[in-house]
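Since the structure comes first, as structure tokens, the remarks are kept for the end.
No value in this document is a laboratory result; all are computed from the given coordinates. Keep in mind that what you see is a predicted model, and the values were worked out from it rather than measured. Quick reminder, even Gly has a Cβ in these numbers, built from the backbone with ideal geometry, and neighbours come from all protein chains shown.
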């Protein structure tokens, strides 16, 4: 969990040792032989159907409840359904659902943009860069955050107030997740406004206009202003907490790779990722992200197959002496929050990571 050093202990840049030969082709052959790259149409059609039924039920409940503060229960339920739709949109964007690239893309656009309200173009740009270089300095957008500092370098670049806040950032990380839903919507819209070259930009703008404009119009028409505002706040808070809370354990407090670090594909994905163990409830709320290692190795693998692939991947990593990380959800959060506070205090030994020692010459 230590940060990978950018320089040696004497301050001079160090060249990294050439990465070991990749064994990914061997692992891929094992996974394909087990039939784990096949599509799971039944799972995805039933999941999408259940989400639509849930949305219809919430809409009906809102109409029947009328002017009642019990509407906040509907808001929380809507936030939960939106998080599940977000997971499904993520999987369609990774082409897990269908053989056709067009079917996957348009399904992801409908789920993520028209129903959830997040630009597909923005998500693909951000998420593809993350998958290519997880936890890599200057490459992974997920470790460059204006609010939370994930590296001591990020703390040093802040103002005096920012440095003070970073010292306790682990304590307010969970409350900040309540604002993640609002942040995701705002960042998505800002990206579409600023970026000129977005694939099917007009479609994203049209879908977002219908989703956000229509949602707000119906909400404030159906409920009194104060109740509608409270409904919106609860829905966004639940959505952001569940979605952000599922993505956070995957990479936070895992090794940070220097900009010039070189790893073969398997190590690049496995060493920087963390799996979460647990039963059906954990799997439901994590939306398939509990098998983050397998997802990063095989991003087009359908969610139900990830758990089955885990033993193959774990055995392969054991055979080739690649550290494979899995822990419980609660322990992952304890590790993350402690890590964030240590980063804020800049209390990190940047040269203690075994991987740094191995890849230096």
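Some observations on this one:
- Helix-derived mean residue ellipticity, 222 nm - over the chain, DSSP H n ≥ 4, -39500 (n - 2.57), to 500: -18000 deg cm²/dmol
- Burial ranking of peptide ranges 236-247, 62-73 (average Cβ count within 10 Å, highest at the top): 236-247, 62-73
- Taken over the C-alpha atoms, the range 75-230 has Rg and Dmax values of 17.7, 52 angstrom.
- Bins of 5 Å, starting at 0 and running to the largest distance - Cα pair percent for the range 204-360: 1, 8, 13, 15, 15, 13, 10, 10, 7, 4, 3, 1, 0
- In terms of the mean number of neighbouring beta-carbon atoms within 10 Å, the peptides 283-289, 182-188, 80-86 order highest first as 80-86, 283-289, 182-188.
- Relative to the longest principal axis of the Cα atoms of the chain, the long axis of helix 225-247 lies at roughly 30 degrees.
- Percent of Cα pairs in the range 190-264 per distance bin of 5 Å, from zero to the largest separation: 3, 12, 11, 12, 14, 17, 14, 8, 4, 3, 2, 0.
- Computed FRET value (nearest 0.05) for residue 64 with residue 200, which takes r as the C-beta separation and R₀ as 45 Å: 0.75
- Quotient of the Cα radius of gyration of the range 24-359 and 2.2 N^0.38 Å, N being its number of residues: 1.03.
- Each label was represented as a point 7 Å from its Cα along the Cα-to-Cβ direction; for residue 176 and residue 157 these points are 1.4 nm apart.
- Crossing angle, helix 329-344 versus the chain [Cα axis fit, 0-90 degrees, rounded to tens]: 70 degrees
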